[in-house]
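Enquirer: So that we are looking at the same thing, I have put the structure below in structure tokens.
The values are calculated or read from the model by the stated rules, or taken from the named source; none is laboratory data. Everything quoted here is computed from the prediction, not taken from an experiment. Cβ coordinates were reconstructed from backbone atoms using ideal geometry, including for glycine residues, and neighbour counts include every protein chain displayed. Accessible surface areas use protein heavy atoms only, side chains included; no ligands, DNA or RNA. Shrake-Rupley method; radii C 1.70, N 1.55, O 1.52, S 1.80 Å.
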Amino acid sequence: MEKKRLISGITSTGKMTLGNYLGAMQQFVELQDEFEMMVFVANLHAIVLPIEAKVLKENIKSMVALYFACGLDPNKATVFLQSDVLEVTNLAWILSCNSTIGELERMTQFKDKSTKVRADNGTNFIPTGLLTYPTLMAADILLYDAQAVPVGKDQKQHIELTRNLAERLNNKFGEMFTIPEPIIRENGAKIMDLQDPTKKMSKSSTNPKSYIGLLDDLKQVESKIKAAVTDSENIVKFDVENKPGVSNLMTIYSCITKKTNSQIEEEFKGKNYGDFKAAIAKVVIKLLQKIQDKYQELFNSQQVEDWLEQGALKARTIAARKLQKVEWKVGLKYKK
Ligand code: AMP
Ligand code: TRP
């Protein structure tokens, strides 16, 4: 039986965080044995808000090396750069023409980000790309006939839209797209900000204490975990509502050690938050040490460039065939 094809990407807007790793990357690595994984660096999505060219280049290079350092195997997974496949923007245009401004404006990520742009800059200049971001994301998925998309919870609405667009075009022009399913893991789907555990841990945060970067200095990682906001109860118990800080730290610990919440509660019974945080710091540092060692080895290697070229070639072959079919069905091409 053919393996199911999965696709996912991470935007190259900043430093990769422990949230990205536990919510996305760790899953990609775990899934690459069972499925045909396609994973890309979403550099086109990274320019929807202003970003310096130099910073973007650094982010991309670092992310590619991190993908492999985290365990993606170039012989199993197809790893590539989103903009290396020109077909994707062509399909995104076709999808934009079949979506409405209303449905794009209803995306919570658009609402949040456009509100933030207004608040930060005091202007009303919202880039068009921020609105059409989900149609490009839908193109990323539909172009490769992906059957499933492993993402964090925050991307669920974008996958829903992708499914709607695929069905809409299939109905209008005849079967051409596979309807993708989201894969959202329960535990670790949303790692929260260490300083404000009601917010998602994000690489665009301005307070470095809020997040753990995969390439952070390990001494700093330890102090960030020690400084993480908890509460005054000194009881390790999973209760997102009343103990969001402790619950978030438990989630991090659980994702890395694979222990359940009740096992963790048992482990820290009668102990204080100091002991609890020390244990978390230990497993996080061990994980990051391993990733960072591999990263150092790969960062400037030609091998990474070769793997990326090999990934792009494979992705382009699939994409070209698909786009041809779509253009024919939609009527853009008159010769088969
Ligand atoms: P982004 O950094 O927004 O491009 O997200 C890339 C991937 O990481 C997506 O699948 C996100 O859902 C996931 N992700 C980002 N931040 C977190 C977080 N704090 N917790 C869990 N998953 C996350
Ligand atoms: N929008 C996703 C994010 O920020 C990244 C992304 C772009 C993506 N295209 C995708 C994820 C296609 C899955 C499939 O997290």
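Enquirer: How would Trp93, Trp307 rank on accessible area, largest to smallest, probe 1.4 Å?
Expert: So, going from the largest accessible area down, we get Trp93, Trp307.
Enquirer: While we're looking at this one, here's another question. With contacts defined as alpha carbon pairs under 8 Å and 6 or more residues apart, what's the relative contact order of the chain in percent?
Expert: Working: 502 pairs, mean separation 72.7, N = 336.
The normalised contact order for the chain reaches 22 percent.
Enquirer: Also, quick follow-up: Size of the dipole of the range 208-296 about the Cα centre, Lys and Arg at +1 and Asp and Glu at -1 on the beta carbon, nothing else charged, in debye to 20?
Expert: Details: 15 positive and 12 negative charges, 64 e Å.
Rounded to the nearest 20 debye, it is 300 debye.
Enquirer: Carbon and sulfur: what percent of the chain's accessible surface (1.4 Å probe)? Intermediate results must be reported in sequence, preceding the final value.
Expert: Values: 8590 of 16680 Å².
C and S atoms contribute 51 percent here.
Enquirer: Kindly report the accessible area of the range 208-296 per residue (heavy atoms of protein chains, probe 1.4 Å, no ligands, DNA or RNA), in Å².
Expert: Working: 4650 Å² over 89 residues.
Each residue of the range 208-296 exposes 52 Å² on average to a 1.4 Å probe.
Enquirer: Would you please state which residues of the range 69-112 a label at Asn124 would reach in this model, taking the label point 7 Å out along Cα→Cβ and a backbone N cut-off of under 14 Å?
Expert: none
Enquirer: Using only C-alpha positions, report the orientation-averaged shadow area of the convex hull of the range 208-296, nm², one decimal. Could the numbers behind the result be given before it?
Expert: Numbers: hull surface 22.6 nm².
Computing the convex hull of the Cα atoms and averaging its projections yields 5.6 nm².
Enquirer: While we're here: Please check which bits of the range 169-183 a label hung off Asn98 would reach, taking the label as a point 7 Å along Cα-to-C-beta and the cut-off as backbone N under 16 Å.
Expert: 169-180
Enquirer: Quote to one decimal, in nm, the extra length available between Lys153 and Asp293 on full extension: 0.36 nm per residue of separation minus the C-alpha distance between them. Can you show the working numbers first?
Expert: On the way: separation 140, 0.36 × 140 = 50.40 nm, distance 2.97 nm.
Gain in length upon complete extension: 47.4 nm.
Enquirer: Could you state how much accessible area Asp216 has, in square angstrom rounded to the nearest 10, with a 1.4 Å probe and all protein chains kept in place?
Expert: For Asp216, the solvent-accessible surface is approximately 30 Å².
Enquirer: Now a separate question. If I stretch the segment between Ile183 and Asn207 completely, what's the gain in nm (0.36 nm per residue apart, minus their alpha carbon distance), one decimal? Working shown, then result.
Expert: Details: separation 24, 0.36 × 24 = 8.64 nm, distance 3.02 nm.
Full extension from Ile183 to Asn207 adds 5.6 nm.
Enquirer: Same structure again: What is the range 208-296's relative contact order, in percent, from Cα pairs under 8 angstrom and six or more apart in sequence? Don't skip to the answer; put the middle values down first.
Expert: Details: 85 pairs, mean separation 29.8, N = 89.
Here the relative contact order equals 34 percent.
Enquirer: Whenever you get a sec, line up Val236, Val55 from highest to lowest accessible area (probe 1.4 Å, protein heavy atoms). Display every interim value, and only then the final one.
Expert: On the way: Val236 10, Val55 55 Å².
Order by accessible area, largest first: Val55, Val236.
Enquirer: Kindly sort Glu2, Glu175, Glu309 by accessible area of their heavy atoms, largest first, with the probe set to 1.4 Å. Let's see the in-between values first.
Expert: Numbers: Glu2 160, Glu175 125, Glu309 90 Å².
The ranking, largest first, comes out as Glu2, Glu175, Glu309.
Enquirer: For the range 256-308, just run the numbers: alpha carbon Rg, then divide by 2.2 N^0.38 Å, N being how many residues it has. Write down the numbers at each step before the final one.
Expert: Details: Rg = 17.2 Å, N = 53, 2.2 N^0.38 = 9.9 Å.
Computed over Cα atoms of the range 256-308, the ratio equals 1.73.
Enquirer: What ranking, highest mean first, results for peptides 248-261, 196-209, 277-290 when packing means the other Cβ atoms within 10 Å averaged over each residue? Provide the component values of the computation, followed by the final result.
Expert: On the way: 248-261: 19.5, 196-209: 15.4, 277-290: 17.0.
For the peptides 248-261, 196-209, 277-290, the packing ranking is 248-261, 277-290, 196-209.
Enquirer: Let me ask something additional. Relative to the present Cα-Cα distance, how much length would full extension add between Ile51 and Glu265 at 0.36 nm per residue of separation?
Expert: On the way: separation 214, 0.36 × 214 = 77.04 nm, distance 4.29 nm.
That pair, Ile51 and Glu265, stretches by 72.8 nm at full extension.
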